[in-house]
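All of the numbers you see were taken from the coordinates with simple rules; none came from a lab. Just so we're clear, the structure is a prediction, and the values are computed from it rather than from any experiment. Glycine also receives a Cβ, built like all others from the backbone with ideal geometry; neighbour counts cover every protein chain displayed.
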Amino acid sequence: MRVELIAYTPEPEKIVAAAARICYSQRGAAEILENMEDKEVDRLIKLLLSCGHESPVEHVTFTFAIEGVSRALSHQLVRHRIASYSQRSQRYVSEENFPYIVPPSINGEPEALEIFENCLSQIREAYARLTKLVPREDARYILPQACETKLICTFNARSLFNFFRLRCCSRAQWEIRALALKMREVVRQVAPRLFAKAGPNCEVLGICYEGPFSCGRAPVVKSRGEIEEE
């Protein structure tokens, strides 16, 4: 899996702080940005995150190039609808001899791996034969979710908070959790204060909503405002 941050809003933390400041200032945005010092940026970001006032963070965006992931992952990823996606097309791009992703549970079990690879070999052969008989857009119907794909996606920071809250959790499926952790790592390199506490509820809030599926890292909330007794 490869995750690269290929574009982002310049000085994202300063932009967020300015967006927060303009709500309570008679000055214009240009003047606020010109006179904003780093300590004020730090103070405002901490204030925003501590009180849950997240609308200013929507003004900054981050664009990722992602490779070496499966179609199974991309189907989950696009459920995060407040984002933009461009994905390699199976309609126009040939998938002959397609690379594929092997889940760790299968890779670590020789018998399972043999079954898995034999099946994919048969699908590759069938796909190659079909593309000689029907359009590629129809031959793709037999392709598996294990097919490797490439995509570019753009999130604003608030949408990333939600993505990290759900997909960095240990309950998330292994592949998209690995992706979320890599994405969090790269955005922390350019906006460390903004994403310092981004992550699952157990890390951010110190509580868990996963009920009997909780990993045990934080107290489990039975319902809003009510924590399960140990």
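Cross-link candidates for K182: which aspartates and glutamates have Cα within less than 17 Å, leaving aside residues fewer than 8 places away along the same chain?
Counting by Cα, and skipping residues close in sequence, K182 has these aspartates and glutamates nearby: E4, E67, E203.
Using θ = phi - 60° and the Karplus curve 6.51 cos²θ - 1.76 cosθ + 1.60, what whole-Hz ³J(HN,Hα) does each residue of the range 188-201 get, with Gly and Pro shown as x?
5, 6, 10, 9, x, 6, 5, 10, 4, 10, 6, x, x, 4
Could you list, bin by bin from short to long, the percent of Cα-Cα pairs of the range 119-179 in 5 Å steps?
Result, from short to long distances: 4, 14, 17, 15, 12, 10, 12, 10, 6, 1 percent.
Give me the dipole magnitude in Debye, nearest 20, for the chain about the Cα centre, with unit charges on the beta carbon: positive for Lys and Arg, negative for Asp and Glu.
Details: 31 positive and 30 negative charges, 101 e Å.
Magnitude of the dipole: close to 480 debye.
So which GluC sites (Glu not before Pro) in the range 101-209 pass both tests, a DSSP loop state and at most 12 other Cβ atoms within 10 Å of the Cβ?
Within the range 101-209, no GluC sites (Glu not before Pro) qualify (loop, at most 12 other Cβ atoms within 10 Å).
Let's test the formula: R0 of 30 Å, r as the Cβ-Cβ distance of R79 and S105. What FRET efficiency results, to the nearest 0.05?
0.85
Straight-line reach only, C-alpha to C-alpha below 14 angstrom: list the aspartates and glutamates that K46 could link to, leaving out same-chain residues fewer than 8 apart.
Candidates past the 8-residue exclusion: E13, D38, E54.
Give me the tail of P(r) for the range 1-86 as a percent: Cα-Cα pairs with distance above 15 Å.
Summing the P(r) of the range 1-86 above 15 Å gives 66 percent of all pairs.
At 20 °C and 1.002 mPa s, grab the translational diffusion coefficient of the range 171-223 from Stokes-Einstein with a Kirkwood Rh over Cα pairs, rounded to a whole number in µm² per second.
Calculated translational D: 175 µm²/s.
What is the gain in length, in nm to one decimal, between R27 and L181 on full extension, counting 0.36 nm per residue of separation less the C-alpha to C-alpha distance?
51.6 nm
Answer with one residue from W174, A112, F98: the one whose Cα lies farthest towards the positive end of the charge dipole of the range 91-207, charges on Cβ with Lys, Arg +1 and Asp, Glu -1.
Result: W174, furthest along the dipole toward the positive end.
Within the range 73-122, report the chymotrypsin sites (Phe, Trp or Tyr not before Pro) that DSSP leaves as loop and that have at most 14 other Cβ atoms within 10 Å.
Values: sites: Y85, Y92, Y100, F116; in loops: Y92.
Here the chymotrypsin sites (Phe, Trp or Tyr not before Pro) that fit, given the DSSP loop and packing criteria, are Y92.
Report the Stokes-Einstein translational diffusion coefficient (µm² s⁻¹, integer) for the chain, Rh taken as the Kirkwood radius over Cα pairs, at 4 °C with viscosity 1.567 mPa s.
64
I'd like the trypsin sites (Lys or Arg not before Pro) in the range 15-56 restricted to DSSP loop residues with at most 16 other Cβ atoms within 10 Å, sorted by number.
Here the trypsin sites (Lys or Arg not before Pro) that fit, given the DSSP loop and packing criteria, are R27.
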